[in-house]
1. With a 10 Å cut-off between alpha carbons and a GNM built on the chain, which of Thr125, Thr315, Thr185 moves the most?
2. Take the alpha carbon atoms of segment 370-440, find their center, do the same for segment 239-310, and report the distance between the two centers in whole angstrom.
3. Pairs Lys198/Lys289; Lys289/Lys382; Lys119/Lys198: which are spaced more than 27 Å apart, C-alpha to C-alpha?
4. So which residue, out of Ser405, Ser168, Ser112, gets the largest mean-square fluctuation from a GNM of the chain using Cα contacts under 10 Å as springs?
5. How much length would be gained if the chain were fully extended between Arg103 and Arg437, taking 0.36 nm per residue of separation minus their Cα-Cα distance, in nm to one decimal?
6. Quick check for me: using +1 on Lys/Arg Cβ and -1 on Asp/Glu Cβ, what's the dipole size of segment 361-438 about its Cα centre, in debye to the nearest 20?
7. Where does the longest stretch of the chain lie that holds no GluC sites (Glu not before Pro) found in a DSSP loop with 15 or fewer other Cβ atoms within 10 Å?
8. When a footprinting reagent is the concern and you count Cβ atoms within 10 Å, what order do His132, His144 take, fewest first?
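Computed from the coordinates by the stated procedures, all read-outs in this text should not be read as laboratory data. Model, not experiment: these values are computed from the prediction. Here the Cβ positions follow ideal geometry from the backbone for every residue, glycine too, while neighbour counts run over all protein chains shown.
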Amino acid sequence: MRRRTFLEAMGVAAAAGAQSRRRPPNLVFFLSDDMGYADLGCYGARDIRTPNLDRMAREGVRFTNCYSNGAVCTPTRVAFLTGQYQQRFGADLEGALGPANNRTAGLAPAHSVLPGALKQAGYRTAMYGKWHVGWRPDCRPEAHGFDDWFGILLGNVDMYTHKYHDGSHDLWDNGRPAERQGYLTELLAARAVEFIEKSADRPFFLYLPFNAPHWPFQPPGDPRPATAQNWRDGTRAAYARMIESMDAAVGRVMDALRRRGADRDTLAVFTNDNGGERLSESGPFFHTKGTLFEGGIRVPAIARWPGVIPAGGATGQVAATMDFTATFLAAAGVQPPGGVRLDGADLLPVLAGRRPAFERSLFWRIRQAGRNQLAARRGRWKYLDDNTGNRNLPELLFDLESDPSERRNRFYEHQDLAASLRKEALAWDAEVDAAARGRG
């Protein structure tokens, strides 16, 4: 080992050891909504300026093989709160909660892991942003262990009036309807900064799931109302400005941590809830949100913890949203509640350079009208059944290292490998269904 590499490794190990003797780190999780893989400067964007997230990447590590747990909003949020595959919690939470079940379905607090476990361990907990895992009072953030929360319960709102497309008001402050003037992204950032400034006495967990750049595509400074008729209309320019506003909000939060002298004691993660949509740039990846092609589930992700995670790197570790749950709990020195077995993996040893990237299998499933898919990734290989159970359609096998765009089906060359991945995926499929049935 070269002397410089050895000293760097020793420095990371010493910092990790020192951290274990200090109070647990603050934990900050930023989540964007419907953003494309290549819509940040540090991921190649040319028409969107994201200096704050680019800085976060320079000061931390950037993922190149990170996935959302789901191909749409709700399931990924469920996976983050539970640290488990969302399919374990029933069919409603496999897809995005929408008009048919927005106000009836939801994630039971008994199944949530992260906020309650951290709160029990002495963390101050807050959620500011898009909840989208249950509108009912018994499924709202306070029931899951958040001390303070402010934001929207449904899937999207007018960024200025804070109303859903049916005209119902959807901005809340700790369970009470809230009337606020202002652009939603900026309101969320202001509340997050206020929380940081009031949380000097003990470690905190801040969950900041932005609604941007999800439709309606309303940039800051342009308060023309969205209507049911134009709710999904938009332009790339408006979408880009929404991302730039979100980037500025991330910058405000990170600046608040620096002012408080807490940024070196904070593990901060940024990622996205699913692949991009029609206004997004997904780089080499095919298709969009709502599918299990790479464009539907491959997402940007950045992790930063000065002194623990070496700056300026990139990792090819295959990861999913639920891994950040396990990583946060491990960083905090907190065990999941008794009887809970996380599906997510603690990534901190890899991010800190104490362990090489490891191979594992990850699985995805979509069951809905018009889209029935089952997918598995192991190493460089991805198996995809694009119409689950219909053997009249070809199964797909892609080498993602040589073919990230999923243009060449290699099934005919590696039928034994495809059969192995299919068997593994079907076993997972049956296991999570059994878990969901066991929960009633």
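1. Between Thr125, Thr315, Thr185, it is Thr315 that shows the largest mean-square fluctuation.
2. Rounded to whole Å, the Cα centres lie 27 Å apart.
3. Numbers: Lys198/Lys289 37 Å; Lys289/Lys382 18 Å; Lys119/Lys198 16 Å.
Over 27 Å Cα-Cα: Lys198/Lys289.
4. Judging by the Gaussian network model, the answer is Ser168.
5. Working: separation 334, 0.36 × 334 = 120.24 nm, distance 2.20 nm.
Fully extending the segment from Arg103 to Arg437 adds 118.0 nm.
6. On the way: 14 positive and 13 negative charges, 34 e Å.
For this selection, approximately 160 debye.
7. On the way: sites that count: Glu179, Glu359, Glu401, Glu413.
Result for the longest clean stretch: 180-358.
8. On the way: His132 29, His144 25.
Least to most surrounded, the residues fall as His144, His132.
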